[in-house]
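Nothing in this text is a laboratory measurement; each read-out follows from the coordinates by a stated rule. Please read these numbers as outputs of a predicted model, since none were measured by experiment. Methodologically, a virtual Cβ is constructed for each residue, glycine included, from the backbone with ideal geometry; neighbour enumeration extends over all protein chains shown.
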Amino acid sequence: MENNELKTGVDINKLFLPSAILIAAVLISGTLLYTRSGADNPQVAAIGKDQKKVEVSIDDDAFLGDKSSPVKIIEFSDFQCPFCRKFWKETLPQIKKDYIDTGKAVLVYRDFPLSIHPAAVISAQATECADEQGKYWEFHDKIFAEQEKKGAGTVDYGVNDLKKWAREIGLDSVKFNQCLDSQKYKEEVEKDFADGSAAGVSGTPATFVNGKLIVGAQPFTVFQQAIEEELKNGPNKNSFFK
């Protein structure tokens, strides 16, 4: 009997190969989840003191708070990403309460629509159209809230839903629909994506706190630690924002 067979006559290679394939599949699927849809693991977001800061453009995108705040939080996000919705629901409200509303931080929202989410690009353009009527953040919240009603995971929706939600928050439907149908902000969204890629973003949400990257829908405590560290260090002498 060959060395690679058990006493029972079972070939070890026959047992090992299926197991190896299964393990590889699990590892690959985990990698895809991390790089495409964000990581939901606090350990991934650990920020070391020697982590290099990245120069990130704030462009002319929508923001919450005062741009002169000492801490700049730049979020690259995807409206159809369930991890981004998780961040919006569970983490952002506390960041807003403790740091944005108190003048300690400003949050800039930039679009990073992933190809695996078919409604992400048009949603990003739709919020820019809503911004023309002064309701960017109302529509930002509406898009996430409507998906949240349908449960966890990726939710399917399209242009007609966006137009319906726009009416429901009081936008002028004629102006909004014309803006959306014309893809007026196509290049604006593409620029956001290009800037994110240049900064090293590969999945969503990806959030920079004074240039330090936090990956995924991390809990408030992770952001709290990062923000407090920046506040403790005092005014940022080096500009990491264009």
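Placing a pseudo-label 7 Å from each Cα along the Cα-to-Cβ vector at residue 187 and residue 146 gives an inter-label distance of 2.8 nm. Taking a label point 7 Å from the Cα of residue 154 along the Cα→Cβ vector, which residues of the stretch 188-211 have an amide N closer than 13 Å to it? Within reach of a label on residue 154: 204.
Show me 196-202, 106-112 ranked by packing, highest mean number of other Cβ atoms within 10 Å first. Could you put the intermediate results ahead of the total?
Working: 196-202: 16.9, 106-112: 23.3.
By packing density, highest mean first, the sequence is 106-112, 196-202.
Of the peptides 221-231, 122-132, 73-83, the ranking by mean beta-carbon count within 10 Å, highest at the top, reads 73-83, 122-132, 221-231. Our analysis of the stretch 122-242 gives Rg over Rh at 1.03, with the two radii drawn from alpha carbon positions and Rh computed by the Kirkwood formula.
Going by average Cβ neighbours within 10 Å, how do the peptides 151-158, 95-102 rank, with the highest at the top? Write down the numbers at each step before the final one.
Details: 151-158: 12.8, 95-102: 16.5.
Top to bottom by mean Cβ count within 10 Å: 95-102, 151-158.
Sequentially through the stretch 133-145, phi angles give Karplus couplings (6.51, -1.76, 1.60; θ = phi - 60°) of 9, x, 10, 4, 5, 5, 6, 3, 5, 4, 4, 5, 5 Hz, Gly and Pro residues having no value and appearing as x.
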